[in-house]
Amino acid sequence: MFIRIEKGSSTPISRQIAEQIRAQCLSGRIKPGTQIPSVRQLARDLAVNQNTVLRVYEKLMAEKLLDMRHGEGTFVVDRLPRNELKALQVRFFDELTQVTQQGRLLGFTADDLHSLLDDALTQTQDSSNPTDDVSHKQKTGDPA
Amino acid sequence: MTSPAIEIHDVRKSFRDKRVLDGLNLTVERGQTFAFLGRNGAGKTTTIQMLMGLLSLDQGTLKVLGRNPQQQPLEVRSTVGYLAEDQTMFGWMTCEEIIRFVATFYPTWDHSLARRFVDQFEVPLKTKIRHLSKGQNVRLGLLLALAHRPELVILDDPALGLDPIMRKEFNRDLVEHLQSAGTTVLYSSHLLYEVEPVADVIAILHNGSIVRQSGTDELREQVKRLILEPDAAARISGDLKILDSRTLSGEVVLVIDNAPSAIPLLREADFTYRLEDLSLDEIFEAFVVGRPPAPSTTTGTAQPMPVST
């Protein structure tokens, strides 16, 4: 599990960690049932306060993405929760709305925005996961 | 009942006619990692020197692990791990010699822990202190501060003079060796982005007193940038804790310290607004150089927003 922390960002560290773990779980980059580092280990690796990591894990457990099994460790749940995906989709729509609003401020018409979305769709068509690194060649079942 | 690790109450201190601390209040609970932030010359080092009993105070009270460092400086120093800003050690001693030398002052000195730090910090035992690099010097100082297993560690700008790699390692040491052992840590810094990942609590020292103390995440929740139209700003400003206000191209750009309670009001009034997250640097800036619109930014009376250009 690779997590990158941007120091001095306007996004709080806890949110940076939570978002990256969440995205990696939901995109299937970390397979269901996989064991992930313990709170202590991740805190050490990232040089981040253990309480911060603990809060993130607890939050993701409440979202039913992670499972802390006593004495065994922390795992990605075997079955990903559908409502979590739903929540992410809702948030995606919120963000899209904001972007659309920005587009309007930039003077794009509705038609302009439609064709821009078409362009974006074309550009992302071939990559199963745009956040993946470039070397990621093999294609697994596309969750589109 | 255990007392807090550090209690500072209404401390005042002047050097000649320059007032450095002006009613400083601060409490550090046991087990916390407490970041003490302020601009250069804000009084961080002065405060720390008082905590160590190295400097007298003009007024107020101050307790370290339940003791008064002015009256019991030796007791305090034997239970606190202290790394001074730009710590100077006997340059003619080798690292090994100073470790042996310092160990004799502490009944609680843990030789095996010291050896572990030697390995981990890559302390060159045979090298004379005057030949150490800045980073090695800090790490040696840290070893000396930690190997007697203090309950409380006070570090005065430990990141000063460390390169980015070493700063990260330092943060890792803090997380791995101190936080996990439940040690209380107070450390000063002006590198906010280095402090944020490790601190439980952040306190901002400005003009001789603490202008804000908060949990890191909580501070981010509360302090945000709010951008809205001038007439909307004028109508709502009485309900906002405004740290900074400026008008840019017809928009009022505020930094507020009560975002969660402001959001429902903004929604209710149906104002068009934007709310943005701030980096810790920006939050710090708002507290120390922000210009609020009027002297009374506290609760109560709605005040028209002075719109400057």
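The values are calculated or read from the model by the stated rules, or taken from the named source; none is laboratory data. None of the values given here were measured: they were computed from a predicted structure. Methodologically, a virtual Cβ is constructed for each residue, glycine included, from the backbone with ideal geometry; neighbour enumeration extends over all protein chains shown. Each accessible area value is taken on the protein alone, full model and side chains, heavy atoms only, with ligands, DNA and RNA left out. Shrake-Rupley method; radii C 1.70, N 1.55, O 1.52, S 1.80 Å.
Please report, ordered by residue number, the helices (runs of 4 or more DSSP H) entirely within segment B:58-123 with at least 3 residues that are without any contact (Cβ under 8 Å) to a residue 40 or more places away in the chain and surrounded by fewer than 15 Cβ atoms within 10 Å (Cβ to Cβ). Give the steps one after another, and end with the answer.
Details: elements: B:73-79, B:95-103, B:111-120.
In segment B:58-123, the matching helices (runs of 4 or more DSSP H) lie at B:95-103, B:111-120.
Here's the yes/no breakdown for (1) in a helix (DSSP H, G or I); (2) open to solvent by less than 40 Å² (accessible area, probe 1.4 Å); (3) of a type in the set (Phe, Trp, Tyr):
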position	(1), (2), (3)
A:ILE3	no, yes, no
A:GLY8	no, yes, no
A:SER14	yes, yes, no
A:ILE17	yes, yes, no
A:ARG22	yes, yes, no
A:GLY28	no, yes, no
A:LYS31	no, no, no
A:GLN41	yes, no, no
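Keeping to segment A:35-81, report how many residues are within 18 Å of the chain's Cα centre (by Cα) and of a type in the set (D, E, K, R).
Total meeting the criteria: 8.
Looking at segment B:12-27, I want the residues that are at positive phi and have a partner that is among the small types (Gly, Ala, Ser) with Cβ atoms under 9 Å, at least 6 apart or on another chain. Which pairs are those?
Correct list of pairs: B:GLY23/B:GLY60; B:GLY23/B:GLY208; B:GLY23/B:SER209.
Please enumerate the residues belonging to segment B:173-192 that are part of a helix (DSSP H, G or I) and either open to solvent by less than 50 Å² (accessible area, probe 1.4 Å) or touching a Cys at 6+ places or on another chain (Cβ under 7 Å) (or both).
Going residue by residue through segment B:173-192, those that are part of a helix (DSSP H, G or I) are B:173-181, B:192.
Correct list: B:ASP173, B:LEU174, B:VAL175, B:HIS177, B:LEU178, B:GLN179, B:SER180, B:LEU192.
Just need a number here: residues in segment B:1-14 that are open to solvent by 90 Å² or more (accessible area, probe 1.4 Å) and either in a strand (DSSP E or B) or in contact with a strand residue (DSSP E or B) (Cβ under 6 Å, 6 or more places away or on another chain) (or both). Break it down stepwise before answering.
Let us first name the residues in segment B:1-14 that are open to solvent by 90 Å² or more (accessible area, probe 1.4 Å), namely B:1-2, B:9.
Right, trim to either in a strand (DSSP E or B) or in contact with a strand residue (DSSP E or B) (Cβ under 6 Å, 6 or more places away or on another chain) (or both) and you get B:9.
The total comes to 1.
Residues in segment B:143-164: is at least one open to solvent by less than 10 Å² (accessible area, probe 1.4 Å), away from chain A (no Cβ under 14 Å), part of a helix (DSSP H, G or I) and among the small types (Gly, Ala, Ser)?
There is at least one residue in segment B:143-164 that is open to solvent by less than 10 Å² (accessible area, probe 1.4 Å), away from chain A (no Cβ under 14 Å), part of a helix (DSSP H, G or I) and among the small types (Gly, Ala, Ser).
Would you call A:THR52 away from every other protein chain (no Cβ under 14 Å) and either part of a helix (DSSP H, G or I) or surrounded by 14 or more Cβ atoms within 10 Å (Cβ to Cβ) (or both)?
In short, no.
Being modelled with pLDDT under 90 and away from chain A (no Cβ under 12 Å) is the requirement here; does B:LEU243 meet it? Don't jump to the end; show me each part of the working.
Values: modelled with pLDDT under 90: no; away from chain A (no Cβ under 12 Å): yes.
Answer is no for this residue.
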